[in-house]
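Student: The structure's right below; bear with me while I get my questions together.
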Amino acid sequence: MIMESILQYDFVIKGLLGCLFASITAGIAGTYIVSRRLVFLSGGITHASFGGIGIGYYAGFSPVAGAAVFGILSALGIEYLSIKQKLREDSAIGILWALGMATGIIFIFLTPGYTPNLMSFLFGSILTVTTADLISLGLLSVVLIIYFSVFYRTILYISFDENYARTYTSYVNVFKYITTALLALTIVLNIRMAGVVLVLSLLTIPPNIAMLFTRNYASVMRWSVLFGFIGAVTGYGMAWFAGIPAGAAIIFSMVVIWIISRIFTSVIKKINKKYSES
Amino acid sequence: MSVLLEIKNVYAGYGERTVLEDISLTISEGDFMGVIGPNGGGKTTLLKLILGIVRPTSGTVRYNESLIDRRNIGYLPQVSHVDSAFPLVVKDIVLSGLMMHKKLYGRMDRADKERAQNIIRELGLQGYEKATLSELSGGQVQRVFLGRALAGNPRLLLLDEPDNFVDTSFENEFYLRLRELNKKMAILMASHDVGTVSSYVKSFACVNRKLHYHPSPEITNEQLSAYDCPIQLVTHGRVPHTVLEKHE
(Lines give C-alpha, C1' and ligand atoms only; values in the text may rest on other atoms or scores of the structure.)
Protein backbone atom coordinates (compact mmCIF):
# COMPACT_ATOMS: atom_id res chain seq x y z
CA MET A 1 0.00 0.00 0.00
CA ILE A 2 2.63 2.51 1.08
CA MET A 3 4.82 1.55 -1.84
CA GLU A 4 1.93 2.10 -4.20
CA SER A 5 1.06 5.56 -2.94
CA ILE A 6 4.71 6.62 -3.07
CA LEU A 7 4.84 5.44 -6.65
CA GLN A 8 1.67 7.35 -7.40
CA TYR A 9 3.05 10.41 -5.67
CA ASP A 10 6.24 10.21 -7.70
CA PHE A 11 4.11 9.81 -10.82
CA VAL A 12 2.06 12.91 -10.04
CA ILE A 13 5.13 15.01 -9.25
CA LYS A 14 6.77 13.95 -12.50
CA GLY A 15 3.66 14.75 -14.45
CA LEU A 16 3.28 18.20 -12.85
CA LEU A 17 6.95 19.02 -13.38
CA GLY A 18 6.57 17.91 -16.99
CA CYS A 19 3.58 20.23 -17.41
CA LEU A 20 5.46 23.10 -15.76
CA PHE A 21 8.62 22.81 -17.86
CA ALA A 22 6.65 22.20 -21.04
CA SER A 23 4.57 25.32 -20.46
CA ILE A 24 7.61 27.47 -19.62
CA THR A 25 9.61 26.40 -22.67
CA ALA A 26 6.62 26.32 -25.03
CA GLY A 27 5.29 29.65 -23.72
CA ILE A 28 8.57 31.51 -24.25
CA ALA A 29 9.47 29.88 -27.58
CA GLY A 30 5.84 29.91 -28.72
CA THR A 31 5.51 33.67 -28.24
CA TYR A 32 8.60 34.13 -30.42
CA ILE A 33 7.20 31.74 -33.07
CA VAL A 34 3.74 33.25 -33.18
CA SER A 35 4.85 36.87 -33.24
CA ARG A 36 7.49 36.24 -35.91
CA ARG A 37 5.02 34.07 -37.85
CA LEU A 38 7.34 31.08 -37.80
CA VAL A 39 4.61 28.48 -37.30
CA PHE A 40 5.34 26.81 -40.63
CA LEU A 41 9.09 26.82 -39.92
CA SER A 42 8.39 25.17 -36.58
CA GLY A 43 6.31 22.52 -38.30
CA GLY A 44 9.27 21.87 -40.58
CA ILE A 45 11.66 21.54 -37.63
CA THR A 46 9.27 19.18 -35.85
CA HIS A 47 8.91 16.83 -38.76
CA ALA A 48 12.56 17.03 -39.78
CA SER A 49 13.49 15.88 -36.29
CA PHE A 50 11.42 12.74 -36.81
CA GLY A 51 14.21 11.64 -39.16
CA GLY A 52 16.58 11.79 -36.18
CA ILE A 53 14.19 9.70 -34.11
CA GLY A 54 14.16 6.99 -36.79
CA ILE A 55 17.94 6.94 -37.17
CA GLY A 56 18.27 6.84 -33.38
CA TYR A 57 16.14 3.71 -33.22
CA TYR A 58 17.98 2.06 -36.08
CA ALA A 59 21.50 2.85 -34.87
CA GLY A 60 20.66 2.18 -31.25
CA PHE A 61 21.28 5.61 -29.72
CA SER A 62 18.80 7.89 -27.97
CA PRO A 63 16.01 8.92 -30.36
CA VAL A 64 15.74 12.26 -28.51
CA ALA A 65 19.43 12.98 -29.20
CA GLY A 66 18.89 12.08 -32.84
CA ALA A 67 15.88 14.37 -32.99
CA ALA A 68 17.82 17.21 -31.34
CA VAL A 69 20.64 16.98 -33.89
CA PHE A 70 18.20 16.84 -36.81
CA GLY A 71 15.99 19.59 -35.42
CA ILE A 72 18.81 22.04 -34.67
CA LEU A 73 20.66 21.42 -37.94
CA SER A 74 17.54 21.83 -40.05
CA ALA A 75 16.51 24.98 -38.16
CA LEU A 76 19.95 26.54 -38.61
CA GLY A 77 19.99 25.45 -42.25
CA ILE A 78 16.67 27.15 -42.96
CA GLU A 79 17.75 30.29 -41.12
CA TYR A 80 21.02 30.33 -43.08
CA LEU A 81 19.22 29.97 -46.41
CA SER A 82 16.78 32.72 -45.56
CA ILE A 83 19.53 35.10 -44.39
CA LYS A 84 21.53 34.46 -47.58
CA GLN A 85 18.28 34.59 -49.58
CA LYS A 86 19.42 31.59 -51.57
CA LEU A 87 16.09 29.78 -51.64
CA ARG A 88 12.44 30.46 -51.07
CA GLU A 89 12.03 29.74 -47.41
CA ASP A 90 8.65 28.04 -47.60
CA SER A 91 9.81 25.63 -50.30
CA ALA A 92 12.91 24.75 -48.27
CA ILE A 93 10.74 24.04 -45.24
CA GLY A 94 8.33 21.92 -47.26
CA ILE A 95 11.15 19.76 -48.61
CA LEU A 96 12.74 19.35 -45.20
CA TRP A 97 9.38 18.49 -43.63
CA ALA A 98 8.80 15.58 -46.02
CA LEU A 99 12.43 14.47 -46.01
CA GLY A 100 12.42 14.19 -42.21
CA MET A 101 9.25 12.11 -42.13
CA ALA A 102 10.47 9.87 -44.97
CA THR A 103 13.86 9.29 -43.33
CA GLY A 104 12.22 8.52 -40.00
CA ILE A 105 9.78 6.01 -41.46
CA ILE A 106 12.43 4.25 -43.58
CA PHE A 107 14.77 3.75 -40.63
CA ILE A 108 12.03 2.66 -38.24
CA PHE A 109 10.90 0.17 -40.88
CA LEU A 110 14.46 -1.14 -41.21
CA THR A 111 14.86 -1.52 -37.44
CA PRO A 112 14.40 -5.19 -36.56
CA GLY A 113 11.82 -6.04 -33.94
CA TYR A 114 9.03 -4.12 -32.31
CA THR A 115 9.51 -0.40 -31.59
CA PRO A 116 7.33 0.16 -28.55
CA ASN A 117 7.87 3.88 -28.18
CA LEU A 118 7.01 4.90 -31.70
CA MET A 119 3.45 5.86 -30.78
CA SER A 120 4.71 7.96 -27.89
CA PHE A 121 6.91 9.92 -30.31
CA LEU A 122 4.07 10.48 -32.72
CA PHE A 123 1.45 11.43 -30.15
CA GLY A 124 3.49 12.09 -27.04
CA SER A 125 3.17 10.61 -23.61
CA ILE A 126 3.60 12.74 -20.54
CA LEU A 127 2.68 9.62 -18.53
CA THR A 128 5.89 7.80 -19.51
CA VAL A 129 8.16 10.81 -19.15
CA THR A 130 11.54 9.89 -17.68
CA THR A 131 13.69 11.69 -15.14
CA ALA A 132 16.20 12.37 -17.92
CA ASP A 133 13.47 14.03 -19.99
CA LEU A 134 12.51 16.19 -17.02
CA ILE A 135 16.09 17.23 -16.33
CA SER A 136 16.69 18.27 -19.92
CA LEU A 137 13.39 20.19 -20.10
CA GLY A 138 14.13 21.81 -16.74
CA LEU A 139 17.57 22.90 -17.89
CA LEU A 140 16.12 24.27 -21.11
CA SER A 141 13.54 26.24 -19.09
CA VAL A 142 16.33 27.85 -17.06
CA VAL A 143 18.39 28.64 -20.18
CA LEU A 144 15.39 30.17 -21.95
CA ILE A 145 14.39 32.29 -18.96
CA ILE A 146 17.93 33.63 -18.55
CA TYR A 147 18.48 34.19 -22.28
CA PHE A 148 15.17 35.98 -22.79
CA SER A 149 15.43 38.14 -19.69
CA VAL A 150 19.06 39.20 -20.18
CA PHE A 151 18.72 40.00 -23.89
CA TYR A 152 15.02 40.84 -23.80
CA ARG A 153 15.09 44.10 -25.77
CA THR A 154 17.66 42.90 -28.27
CA ILE A 155 15.77 39.70 -29.11
CA LEU A 156 12.46 41.54 -29.22
CA TYR A 157 13.65 44.33 -31.50
CA ILE A 158 15.49 41.99 -33.86
CA SER A 159 12.38 39.90 -34.35
CA PHE A 160 10.24 43.00 -34.84
CA ASP A 161 12.44 44.79 -37.37
CA GLU A 162 15.81 43.22 -38.08
CA ASN A 163 16.72 45.78 -40.73
CA TYR A 164 16.56 48.51 -38.14
CA ALA A 165 18.39 46.39 -35.58
CA ARG A 166 21.30 46.12 -38.03
CA THR A 167 21.85 49.86 -37.63
CA TYR A 168 22.96 49.44 -34.02
CA THR A 169 24.32 45.92 -33.74
CA SER A 170 26.31 43.60 -35.96
CA TYR A 171 25.10 40.59 -33.98
CA VAL A 172 21.68 40.28 -35.61
CA ASN A 173 22.50 36.98 -37.33
CA VAL A 174 24.16 35.57 -34.19
CA PHE A 175 21.00 36.22 -32.19
CA LYS A 176 18.81 34.76 -34.92
CA TYR A 177 20.88 31.57 -34.97
CA ILE A 178 20.94 31.19 -31.18
CA THR A 179 17.21 31.84 -30.83
CA THR A 180 16.38 29.44 -33.66
CA ALA A 181 18.56 26.71 -32.14
CA LEU A 182 16.84 27.14 -28.76
CA LEU A 183 13.52 27.03 -30.56
CA ALA A 184 14.43 23.74 -32.22
CA LEU A 185 15.53 22.30 -28.88
CA THR A 186 12.23 23.39 -27.32
CA ILE A 187 10.29 21.63 -30.05
CA VAL A 188 12.35 18.43 -29.83
CA LEU A 189 12.17 18.12 -26.04
CA ASN A 190 8.45 18.80 -26.06
CA ILE A 191 7.89 16.03 -28.60
CA ARG A 192 8.12 13.70 -25.57
CA MET A 193 5.13 15.56 -24.13
CA ALA A 194 2.81 16.08 -27.07
CA GLY A 195 4.34 14.10 -29.94
CA VAL A 196 5.41 15.07 -33.45
CA VAL A 197 1.82 15.48 -34.56
CA LEU A 198 0.65 17.73 -31.74
CA VAL A 199 3.71 19.60 -30.43
CA LEU A 200 3.11 22.57 -32.71
CA SER A 201 -0.18 23.36 -31.01
CA LEU A 202 1.51 23.18 -27.61
CA LEU A 203 3.65 26.10 -28.79
CA THR A 204 1.09 28.12 -30.73
CA ILE A 205 -2.19 27.89 -28.78
CA PRO A 206 -1.05 29.50 -25.48
CA PRO A 207 0.34 32.70 -27.13
CA ASN A 208 -2.84 32.97 -29.15
CA ILE A 209 -4.87 32.83 -25.96
CA ALA A 210 -2.55 35.36 -24.32
CA MET A 211 -2.81 37.77 -27.25
CA LEU A 212 -6.56 37.99 -26.70
CA PHE A 213 -5.77 39.73 -23.42
CA THR A 214 -2.56 41.64 -24.01
CA ARG A 215 -0.44 43.00 -26.85
CA ASN A 216 2.70 43.55 -24.83
CA TYR A 217 5.39 41.01 -25.72
CA ALA A 218 6.58 40.37 -22.18
CA SER A 219 3.03 39.92 -20.93
CA VAL A 220 2.21 37.62 -23.84
CA MET A 221 5.12 35.40 -22.73
CA ARG A 222 4.02 35.34 -19.10
CA TRP A 223 0.36 34.70 -19.90
CA SER A 224 1.33 31.99 -22.39
CA VAL A 225 3.22 30.12 -19.70
CA LEU A 226 0.25 30.44 -17.36
CA PHE A 227 -2.39 29.35 -19.88
CA GLY A 228 -0.10 26.59 -21.11
CA PHE A 229 0.29 25.30 -17.56
CA ILE A 230 -3.45 25.37 -16.88
CA GLY A 231 -4.12 23.55 -20.16
CA ALA A 232 -1.37 21.00 -19.58
CA VAL A 233 -2.43 20.17 -16.02
CA THR A 234 -6.10 19.91 -17.03
CA GLY A 235 -5.21 17.62 -19.91
CA TYR A 236 -2.88 15.59 -17.74
CA GLY A 237 -5.64 15.10 -15.18
CA MET A 238 -8.10 14.09 -17.89
CA ALA A 239 -5.60 11.62 -19.29
CA TRP A 240 -5.00 10.12 -15.89
CA PHE A 241 -8.61 9.76 -14.82
CA ALA A 242 -10.16 8.89 -18.18
CA GLY A 243 -7.26 6.86 -19.50
CA ILE A 244 -7.01 8.80 -22.76
CA PRO A 245 -3.72 9.84 -24.48
CA ALA A 246 -2.21 12.76 -22.56
CA GLY A 247 -0.86 14.72 -25.53
CA ALA A 248 -4.25 14.83 -27.19
CA ALA A 249 -6.02 15.64 -23.91
CA ILE A 250 -3.64 18.56 -23.27
CA ILE A 251 -4.14 20.06 -26.73
CA PHE A 252 -7.89 19.53 -26.42
CA SER A 253 -8.11 21.39 -23.13
CA MET A 254 -5.96 24.22 -24.53
CA VAL A 255 -8.33 24.66 -27.44
CA VAL A 256 -11.26 24.73 -24.99
CA ILE A 257 -9.50 27.47 -22.98
CA TRP A 258 -8.93 29.37 -26.22
CA ILE A 259 -12.62 29.14 -27.15
CA ILE A 260 -13.76 30.24 -23.67
CA SER A 261 -11.28 33.15 -23.75
CA ARG A 262 -12.52 34.25 -27.14
CA ILE A 263 -16.12 34.27 -25.98
CA PHE A 264 -15.12 36.02 -22.76
CA THR A 265 -13.16 38.80 -24.50
CA SER A 266 -15.86 39.44 -27.09
CA VAL A 267 -18.54 39.65 -24.38
CA ILE A 268 -16.36 42.08 -22.42
CA LYS A 269 -15.88 44.15 -25.57
CA LYS A 270 -19.64 44.28 -26.15
CA ILE A 271 -20.31 45.29 -22.55
CA ASN A 272 -17.67 48.02 -22.76
CA LYS A 273 -19.21 49.29 -25.97
CA LYS A 274 -22.69 49.38 -24.48
CA TYR A 275 -21.35 51.08 -21.37
CA SER A 276 -19.57 53.77 -23.36
CA GLU A 277 -22.63 54.34 -25.54
CA SER A 278 -25.05 54.88 -22.65
CA MET B 1 28.05 75.23 -41.61
CA SER B 2 30.46 72.54 -40.56
CA VAL B 3 30.76 69.25 -42.35
CA LEU B 4 29.15 66.22 -40.71
CA LEU B 5 30.41 63.52 -42.99
CA GLU B 6 32.26 63.04 -46.18
CA ILE B 7 31.92 60.21 -48.69
CA LYS B 8 34.86 60.00 -51.07
CA ASN B 9 35.16 57.87 -54.21
CA VAL B 10 33.15 55.07 -52.72
CA TYR B 11 32.27 51.82 -54.47
CA ALA B 12 29.74 49.66 -52.65
CA GLY B 13 27.39 46.76 -53.29
CA TYR B 14 26.24 43.33 -52.23
CA GLY B 15 28.56 40.43 -52.98
CA GLU B 16 29.53 40.53 -56.65
CA ARG B 17 26.97 43.18 -57.51
CA THR B 18 28.19 46.78 -57.44
CA VAL B 19 25.37 49.19 -56.67
CA LEU B 20 27.24 52.44 -56.13
CA GLU B 21 30.13 53.47 -58.33
CA ASP B 22 32.69 56.09 -57.48
CA ILE B 23 30.35 58.31 -55.51
CA SER B 24 31.36 61.35 -53.48
CA LEU B 25 29.11 63.43 -51.27
CA THR B 26 29.50 65.87 -48.41
CA ILE B 27 26.78 66.35 -45.82
CA SER B 28 26.90 69.42 -43.62
CA GLU B 29 24.92 70.74 -40.68
CA GLY B 30 21.62 72.25 -41.77
CA ASP B 31 21.43 70.23 -44.99
CA PHE B 32 18.03 69.03 -46.21
CA MET B 33 18.85 66.84 -49.17
CA GLY B 34 16.47 64.87 -51.37
CA VAL B 35 17.97 61.61 -52.61
CA ILE B 36 16.26 60.72 -55.87
CA GLY B 37 16.72 58.08 -58.52
CA PRO B 38 15.10 54.99 -60.01
CA ASN B 39 14.27 51.84 -58.04
CA GLY B 40 17.39 49.76 -57.61
CA GLY B 41 19.51 52.79 -58.41
CA GLY B 42 21.16 52.73 -54.99
CA LYS B 43 19.22 55.19 -52.81
CA THR B 44 18.78 52.73 -49.95
CA THR B 45 22.36 51.50 -50.34
CA LEU B 46 23.58 55.09 -49.98
CA LEU B 47 21.66 55.44 -46.71
CA LYS B 48 22.98 52.09 -45.47
CA LEU B 49 26.49 53.17 -46.39
CA ILE B 50 26.11 56.24 -44.18
CA LEU B 51 24.70 54.05 -41.38
CA GLY B 52 27.63 51.65 -41.66
CA ILE B 53 25.45 48.61 -42.48
CA VAL B 54 26.95 48.44 -45.96
CA ARG B 55 30.72 48.84 -46.10
CA PRO B 56 32.49 50.44 -49.05
CA THR B 57 34.52 48.04 -51.21
CA SER B 58 36.79 50.99 -51.89
CA GLY B 59 36.84 54.67 -51.00
CA THR B 60 36.08 56.20 -47.60
CA VAL B 61 33.17 57.36 -45.47
CA ARG B 62 34.52 59.78 -42.88
CA TYR B 63 32.49 61.19 -39.98
CA ASN B 64 33.40 64.48 -38.38
CA GLU B 65 33.84 62.79 -35.04
CA SER B 66 33.62 65.95 -32.94
CA LEU B 67 30.02 66.30 -34.13
CA ILE B 68 28.74 62.92 -35.16
CA ASP B 69 29.25 59.19 -35.04
CA ARG B 70 27.10 56.23 -36.03
CA ARG B 71 25.11 56.50 -32.82
CA ASN B 72 23.60 59.86 -33.52
CA ILE B 73 22.26 59.13 -36.93
CA GLY B 74 18.49 58.64 -36.90
CA TYR B 75 17.05 56.22 -39.44
CA LEU B 76 13.55 55.78 -40.79
CA PRO B 77 13.75 52.70 -43.02
CA GLN B 78 11.14 51.59 -45.52
CA VAL B 79 8.79 49.91 -43.10
CA SER B 80 6.44 48.12 -45.44
CA HIS B 81 7.98 44.80 -44.38
CA VAL B 82 7.19 45.29 -40.69
CA ASP B 83 4.35 43.13 -39.38
CA SER B 84 1.79 45.47 -37.82
CA ALA B 85 0.23 42.64 -35.79
CA PHE B 86 3.50 42.01 -33.93
CA PRO B 87 2.81 42.23 -30.19
CA LEU B 88 4.91 45.32 -29.59
CA VAL B 89 3.41 48.56 -28.33
CA VAL B 90 4.15 52.09 -29.56
CA LYS B 91 6.15 53.04 -26.49
CA ASP B 92 8.48 50.05 -26.92
CA ILE B 93 8.94 50.80 -30.62
CA VAL B 94 10.00 54.36 -29.85
CA LEU B 95 12.30 53.05 -27.10
CA SER B 96 14.06 50.80 -29.62
CA GLY B 97 15.51 54.00 -31.09
CA LEU B 98 17.68 54.21 -27.96
CA MET B 99 19.30 50.81 -28.50
CA MET B 100 22.38 52.32 -30.15
CA HIS B 101 23.20 53.89 -26.80
CA LYS B 102 22.69 50.58 -24.97
CA LYS B 103 24.53 47.33 -24.48
CA LEU B 104 22.89 44.23 -25.96
CA TYR B 105 21.79 43.28 -22.45
CA GLY B 106 20.79 46.88 -21.72
CA ARG B 107 17.70 47.90 -19.81
CA MET B 108 15.59 51.01 -20.28
CA ASP B 109 15.63 53.27 -17.22
CA ARG B 110 13.20 55.93 -16.12
CA ALA B 111 14.98 58.69 -18.06
CA ASP B 112 14.72 56.63 -21.26
CA LYS B 113 11.02 56.07 -20.73
CA GLU B 114 10.46 59.77 -20.06
CA ARG B 115 12.35 60.62 -23.23
CA ALA B 116 10.17 58.22 -25.22
CA GLN B 117 7.06 59.69 -23.61
CA ASN B 118 8.13 63.22 -24.59
CA ILE B 119 8.66 62.18 -28.19
CA ILE B 120 5.29 60.45 -28.24
CA ARG B 121 3.69 63.67 -26.99
CA GLU B 122 5.58 65.86 -29.47
CA LEU B 123 4.39 63.67 -32.33
CA GLY B 124 0.79 63.82 -31.15
CA LEU B 125 0.61 60.13 -30.30
CA GLN B 126 -0.37 60.42 -26.64
CA GLY B 127 -3.06 57.93 -25.73
CA TYR B 128 -1.56 55.38 -28.11
CA GLU B 129 1.42 54.35 -25.95
CA LYS B 130 -0.02 50.90 -25.40
CA ALA B 131 -1.40 50.39 -28.90
CA THR B 132 0.15 48.11 -31.50
CA LEU B 133 0.70 49.29 -35.06
CA SER B 134 -2.39 47.46 -36.30
CA GLU B 135 -4.54 49.85 -34.27
CA LEU B 136 -3.04 52.95 -35.91
CA SER B 137 -3.62 54.78 -39.17
CA GLY B 138 -0.92 55.04 -41.86
CA GLY B 139 0.05 58.52 -40.77
CA GLN B 140 0.30 57.49 -37.12
CA VAL B 141 2.45 54.47 -37.98
CA GLN B 142 4.80 56.75 -39.85
CA ARG B 143 5.02 59.07 -36.84
CA VAL B 144 5.85 56.12 -34.58
CA PHE B 145 8.80 55.22 -36.79
CA LEU B 146 9.83 58.86 -36.99
CA GLY B 147 9.71 58.83 -33.18
CA ARG B 148 12.02 55.82 -33.12
CA ALA B 149 14.44 57.63 -35.43
CA LEU B 150 14.37 60.72 -33.20
CA ALA B 151 14.73 58.91 -29.87
CA GLY B 152 18.52 58.87 -29.91
CA ASN B 153 18.78 62.65 -30.41
CA PRO B 154 20.23 62.46 -33.92
CA ARG B 155 22.29 65.14 -35.66
CA LEU B 156 21.58 63.55 -38.99
CA LEU B 157 18.23 62.04 -39.96
CA LEU B 158 18.01 59.52 -42.82
CA LEU B 159 14.57 58.86 -44.29
CA ASP B 160 13.99 56.08 -46.81
CA GLU B 161 10.95 56.90 -48.94
CA PRO B 162 8.80 58.12 -46.05
CA ASP B 163 6.13 59.12 -48.58
CA ASN B 164 5.64 55.50 -49.59
CA PHE B 165 3.21 54.42 -46.95
CA VAL B 166 1.36 57.54 -46.09
CA ASP B 167 -1.77 58.94 -47.65
CA THR B 168 -1.61 62.37 -49.21
CA SER B 169 -3.61 64.00 -46.42
CA PHE B 170 -0.70 63.43 -44.04
CA GLU B 171 2.01 64.32 -46.52
CA ASN B 172 1.97 68.03 -46.07
CA GLU B 173 1.91 67.83 -42.30
CA PHE B 174 4.77 65.36 -42.38
CA TYR B 175 7.02 67.54 -44.56
CA LEU B 176 6.27 70.60 -42.46
CA ARG B 177 7.35 68.61 -39.42
CA LEU B 178 10.59 67.70 -41.20
CA ARG B 179 11.22 71.34 -42.03
CA GLU B 180 10.85 72.08 -38.32
CA LEU B 181 13.26 69.24 -37.42
CA ASN B 182 15.74 70.50 -39.99
CA LYS B 183 16.43 73.49 -37.71
CA LYS B 184 18.05 71.03 -35.29
CA MET B 185 19.47 68.35 -37.59
CA ALA B 186 20.59 67.63 -41.12
CA ILE B 187 18.15 65.53 -43.14
CA LEU B 188 18.71 63.16 -46.04
CA MET B 189 15.51 61.88 -47.60
CA ALA B 190 15.22 59.24 -50.32
CA SER B 191 12.11 59.80 -52.39
CA HIS B 192 10.27 58.92 -55.58
CA ASP B 193 8.19 62.02 -55.56
CA VAL B 194 10.55 64.73 -56.79
CA GLY B 195 7.70 67.14 -57.39
CA THR B 196 6.45 67.38 -53.82
CA VAL B 197 9.83 67.01 -52.22
CA SER B 198 11.37 69.87 -54.16
CA SER B 199 9.32 72.44 -52.27
CA TYR B 200 10.84 71.33 -48.97
CA VAL B 201 14.42 70.20 -49.63
CA LYS B 202 17.35 72.52 -50.14
CA SER B 203 19.31 70.31 -52.53
CA PHE B 204 19.22 67.03 -54.43
CA ALA B 205 21.46 64.04 -54.83
CA CYS B 206 20.58 62.00 -57.92
CA VAL B 207 21.59 58.39 -57.50
CA ASN B 208 21.71 55.84 -60.28
CA ARG B 209 24.92 53.86 -59.72
CA LYS B 210 26.69 57.21 -59.94
CA LEU B 211 25.82 60.19 -57.78
CA HIS B 212 25.26 63.73 -59.04
CA TYR B 213 24.88 66.49 -56.51
CA HIS B 214 22.47 69.27 -57.43
CA PRO B 215 22.85 72.23 -55.06
CA SER B 216 19.34 73.67 -55.43
CA PRO B 217 15.77 72.41 -55.03
CA GLU B 218 14.84 73.34 -58.61
CA ILE B 219 15.41 70.52 -60.98
CA THR B 220 14.22 69.86 -64.51
CA ASN B 221 13.77 66.80 -66.66
CA GLU B 222 16.76 67.92 -68.78
CA GLN B 223 18.96 68.00 -65.72
CA LEU B 224 17.66 64.66 -64.57
CA SER B 225 18.47 63.03 -67.88
CA ALA B 226 21.87 64.70 -67.94
CA TYR B 227 22.46 63.11 -64.50
CA ASP B 228 21.35 59.79 -66.04
CA CYS B 229 18.57 59.71 -63.48
CA PRO B 230 15.46 58.38 -65.24
CA ILE B 231 12.58 59.35 -62.97
CA GLN B 232 9.38 61.10 -63.67
CA LEU B 233 8.52 64.60 -62.52
CA VAL B 234 4.92 64.44 -61.38
CA THR B 235 2.57 67.39 -61.38
CA HIS B 236 1.41 68.63 -57.99
CA GLY B 237 -0.76 71.67 -57.93
CA ARG B 238 0.50 73.27 -54.75
CA VAL B 239 4.18 73.00 -55.61
CA PRO B 240 5.50 76.41 -56.53
CA HIS B 241 9.06 75.86 -57.81
CA THR B 242 9.12 72.81 -59.98
CA VAL B 243 9.38 73.05 -63.72
CA LEU B 244 7.03 70.38 -64.94
CA GLU B 245 7.36 68.59 -68.20
CA LYS B 246 5.63 65.75 -69.91
CA HIS B 247 7.52 62.54 -69.53
CA GLU B 248 8.16 60.63 -72.74
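The values are calculated or read from the model by the stated rules, or taken from the named source; none is laboratory data. What you are looking at is a predicted structure, and each value in this text was computed from that prediction instead of being measured. Virtual Cβ from ideal backbone geometry, glycine too; neighbours counted across all protein chains shown. Please note that ligands, DNA and RNA were not included when accessible areas were found on the heavy atoms of the full protein model with its side chains. Shrake-Rupley method; radii C 1.70, N 1.55, O 1.52, S 1.80 Å.
Student: Shape call for segment B:148-213 from the C-alpha gyration tensor, a ≥ b ≥ c root eigenvalues: rounded (a/c under 1.5), prolate (a/b greater than b/c) or oblate?
Tutor: oblate
Student: Top mean-square fluctuation among B:G37, B:G138, B:G15, Gaussian network model of chain B, C-alpha springs under 10 Å?
Tutor: Checking each option, the largest mean-square fluctuation is seen for B:G15.
Student: According to the square roots a ≥ b ≥ c of the eigenvalues of the Cα gyration tensor, what is the shape class of segment A:223-278, taking rounded for a/c under 1.5, prolate for a/b larger than b/c otherwise, and oblate for the remainder?
Tutor: In terms of gyration-tensor shape, prolate.
Student: Still on this structure, I have one more. Along the Cα→Cβ direction, 7 angstrom out, place labels at B:D228 and A:Y147. What is the inter-label distance in nm?
Tutor: In this crude spin-label approximation the distance works out to 4.8 nm.
Student: On to the next question. I need the semi-axes of the equivalent ellipsoid of segment B:83-153: take the C-alpha gyration tensor, multiply each eigenvalue by 5, square-root it, list largest first in whole angstrom. Kindly include the intermediate steps, with their values, before the conclusion.
Tutor: On the way: eigenvalues 75, 35, 21 Å².
They are 19, 13, 10 Å, listed from largest to smallest.
Student: Mind checking which of B:N72, B:N182, B:N64 has the largest fluctuation in a GNM of chain B, springs on alpha carbons under 10 Å?
Tutor: B:N64
Student: Now, a different point. Say R0 is 35 Å: what FRET efficiency, to the nearest 0.05, do A:S91 and A:K269 get from their beta-carbon distance?
Tutor: Calculated value: 0.30.
Student: Identify all lysines with a Cα-Cα distance to B:K210 below 26 Å; exclude those on the same chain that are fewer than 8 residues away in sequence.
Tutor: The qualifying lysines are B:K8, B:K43, B:K48, B:K202, B:K246.
Student: Right, something else. If I model segment A:181-266 as equal point scatterers sitting on the Cα atoms and use the Debye formula, what is log10 I(q)/I(0) at q = 0.16 Å⁻¹?
Tutor: These q points yield log10 I(q)/I(0) values of -0.61.
Student: Right, another one. Roughly what % of DSSP beta bridges within chain B run antiparallel, to the nearest 5?
Tutor: So the antiparallel bridges amount to about 50 percent of the total.
Student: Take the alpha carbon gyration tensor of chain A, find the square roots of its eigenvalues, order them as a ≥ b ≥ c, and report rounded if a/c is under 1.5; if not, report prolate when a/b exceeds b/c, else oblate.
Tutor: Since a/c reaches 1.5 but b/c is at least a/b, the shape of chain A is classed as oblate.
Student: Right, something else. Counting Lys and Arg as +1 and Asp and Glu as -1, what is the net charge of the other residues whose Cβ lies under 10 Å from the Cβ of B:L95?
Tutor: Summing Lys and Arg as +1 and Asp and Glu as -1 gives +4.
Student: Follow-up question, since we're still on this one. Please tell me which of these pairs span more than 29 angstrom C-alpha to C-alpha: A:K269/B:K102; A:K270/B:K91; A:K176/B:K91?
Tutor: The answer is A:K269/B:K102.
Student: Distance in nm between label sites at A:E277 and A:V39, each 7 Å beyond Cα in the beta-carbon direction?
Tutor: Calculated label separation equals 3.2 nm.
Student: Something else about it: Are there DSSP H segments in chain A that both extend 30 Å or more along their axis (alpha-carbon positions) and score a mean Kyte-Doolittle hydropathy of at least -1.0? List them, or say none. Provide the component values of the computation, followed by the final result.
Tutor: Details: long enough: A:2-35 (49 Å, 1.28); A:39-59 (31 Å, 0.96); A:63-84 (31 Å, 1.37); A:89-110 (31 Å, 1.65); A:217-242 (36 Å, 1.06); A:246-277 (46 Å, 0.87).
Those that clear 30 Å and a mean of -1.0 are A:2-35, A:39-59, A:63-84, A:89-110, A:217-242, A:246-277.
Student: How big is the Cα convex hull of the protein assembly as shown in projection, averaged over all directions, in nm²?
Tutor: Averaged projected area of the protein assembly as shown's Cα convex hull equals 31.5 nm².
Student: Can I ask one more? With a 10 Å cut-off between alpha carbons and a GNM built on chain B, which of B:S191, B:S216, B:S28 moves the most?
Tutor: Comparing B:S191, B:S216, B:S28 in the GNM, the peak value goes to B:S216.
Student: Taking both sides together, what accessible area is buried at the B/A interface, probe 1.4 Å, expressed in Å² and rounded to the nearest 100? Let's see the in-between values first.
Tutor: Numbers: alone 12410 and 14490 Å², together 24220 Å².
So the total buried area for this chain pair works out to about 2700 Å².
Student: Which FRET efficiency, nearest 0.05, do B:H81 and A:Y9 yield, Cβ-Cβ r, R0 56 Å?
Tutor: 0.60
Student: Here's something else I'd like to know. State, to one decimal in nm, how far the label point of A:F241 lies from the label point of A:T128, with both points 7 Å from Cα in the Cβ direction.
Tutor: 2.5
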